[in-house]
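A single structure is presented below for examination.
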Amino acid sequence: MKKKNLPKLSKQEIKEAKLFFKARGYTLKNTYWHKYYKGLNGEFHKDYIPYDIFRPYIDGQLNQRRLWPALQDKNLSYKLFWEFNQPKSIVQNINGFYFINEEFVGLNEAVTACAEFTGRLIIKPTVETGGGKMVNTFKVIGSRTNFKDFSLEELFQFYGKDFVVQEFLEQSPILKALNPTSLNTLRLVTYINDTGAHILASVLRIGKVGHSTDNFSTGGFFCGITEKGLLKGKGYNPKDKVVTVTETGIELKDYRIPNYDKVKDMVTSMHHVVPYFKIISWDIGINKDNLPFLIEYNALGQGVDLQIANGPFLGDFTDEILELSLSNS
């Protein structure tokens, strides 16, 4: 914030934020995050959720940490969410063992399955992942891949174990128009309580032209989505600049997400499969037929920076979640 020279909050804003959390049993030690978010989007909200409250109290208390490492394995997603669309797996490596269509195979069979595939493939780690790290697309050309000119054996050796090779998802032309080089995905956050699963936040993540991932950390940006599936007018990138038009020349405001109702139905339905986590962030792609596909989900160490584009992270459930988190701590 010192480098960005963000404007200070007023004394009244600082007072409102601290009183808001104090009335709910929390001590807001500082208002740095309130200052940061207002500095980026120009809006002050007393109920912005700072990381130093979200991480230990909310994320840390509502989601069962002991189950997180296992259930977050991307290879396990094919079993957990078998009823929902996911990119087709060509080869899975689980703890060093190779599988095709859940059948145990050897290295040679795994290599052959990829070599016989004519389209684009994507390879990524399935455990301890995040931020698009080690997510790469490739094609097999002759006996080599176009990723570092590795052979398939060398590529598998490079990833070691616990990875998946998937058919590359050909995305909706509507989303591809925003940036054709990356799979532009929706990030939705859901909260589950006694009445079902509810959407807390929703944004579209758009990659930087020339990059294959849409991650904020690799130069992409995100833009909020309205309940009707329309993009809001402003996107935010890592350089804290407001984006209103994509690099491909498309204006963000009111750009419609295809089949957004199906996206919402999908994530709220999937949340019931893993109720061990009360707050989940879902990454959803939309294929060339405009159908939603699960890319991955995250249930620990989630980010709240979506509130830059959408306002307070917990929305209408702020009081309920803050009370529940405190009672569980």
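Given the conditions (1) under 26 Å from the mean Cα position of the chain (by Cα); (2) on the phi < 0 side of the Ramachandran plot, which single one is not true for E128?
It is condition (2) that E128 fails.
Find the strands (runs of 3 or more DSSP E) located wholly in region 142-255 whose residues include 1 or more that are over 20 Å from Q307 (Cα atoms), and list them. Give the derivation first.
Details: elements: 163-167, 185-193, 196-206, 221-225, 231-236.
In region 142-255, the matching strands (runs of 3 or more DSSP E) lie at 163-167, 185-193, 196-206.
Okay, next question. Anything in region 267-307 that is part of a loop (DSSP other than H, G, I, E, B), modelled with pLDDT of 95 or more and of a type in the set (D, E)? List them, or say none.
Residue satisfying the conditions is D289 alone.
Residues are listed down the side, and each one gets a yes or a no for (1) aliphatic (A, V, I, L, M); (2) in contact with a strand residue (DSSP E or B) (Cβ under 9 Å, 6 or more places away or on another chain); (3) not assigned by TED's automatic domain parsing to the domain that holds G303:
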{"position": "Y98", "(1), (2), (3)": "no, yes, yes"}
{"position": "V105", "(1), (2), (3)": "yes, yes, yes"}
{"position": "A110", "(1), (2), (3)": "yes, yes, yes"}
{"position": "T118", "(1), (2), (3)": "no, yes, yes"}
{"position": "I123", "(1), (2), (3)": "yes, yes, yes"}
{"position": "E128", "(1), (2), (3)": "no, no, yes"}
{"position": "K133", "(1), (2), (3)": "no, yes, yes"}
{"position": "K139", "(1), (2), (3)": "no, yes, yes"}
{"position": "S143", "(1), (2), (3)": "no, no, yes"}
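Of the numbered conditions (1) in contact with a Ser or Thr (Cβ under 6 Å, 6 or more places away or on another chain); (2) in a loop (DSSP other than H, G, I, E, B), E128 satisfies every one except a single condition; which is it?
Checking E128 against (1) in contact with a Ser or Thr (Cβ under 6 Å, 6 or more places away or on another chain); (2) in a loop (DSSP other than H, G, I, E, B), the one that fails is (1).
Of K29, K18, which residue is modelled with pLDDT under 95 and under 18 Å from L322 (Cα atoms)?
K29
As an exercise: evaluate I58 against (1) hydrophobic (A, V, I, L, M, F, W, C); (2) out of contact with any Ser or Thr (no Cβ under 6 Å at 6 or more places or on another chain); (3) in contact (Cβ under 8 Å) with a residue 60 or more places away in the chain; (4) within 30 Å of K241 (Cα to Cα) and give the number of the one condition it does not meet.
Result: I58 fails condition (2) only.
Follow-up question, since we're still on this one. For region 92-110, indicate whether the set of residues that are closer than 17 Å to F163 by Cβ, surrounded by 14 or more Cβ atoms within 10 Å (Cβ to Cβ) and under 21 Å from the mean Cα position of the chain (by Cα) is non-empty.
Checked region 92-110: no residue is closer than 17 Å to F163 by Cβ, surrounded by 14 or more Cβ atoms within 10 Å (Cβ to Cβ) and under 21 Å from the mean Cα position of the chain (by Cα).
The values are calculated or read from the model by the stated rules, or taken from the named source; none is laboratory data. Since the structure is predicted, the reported quantities are computational estimates derived from the model, not experimental observations. Backbone-built Cβ (ideal geometry, glycine too); neighbour counts: all protein chains shown.
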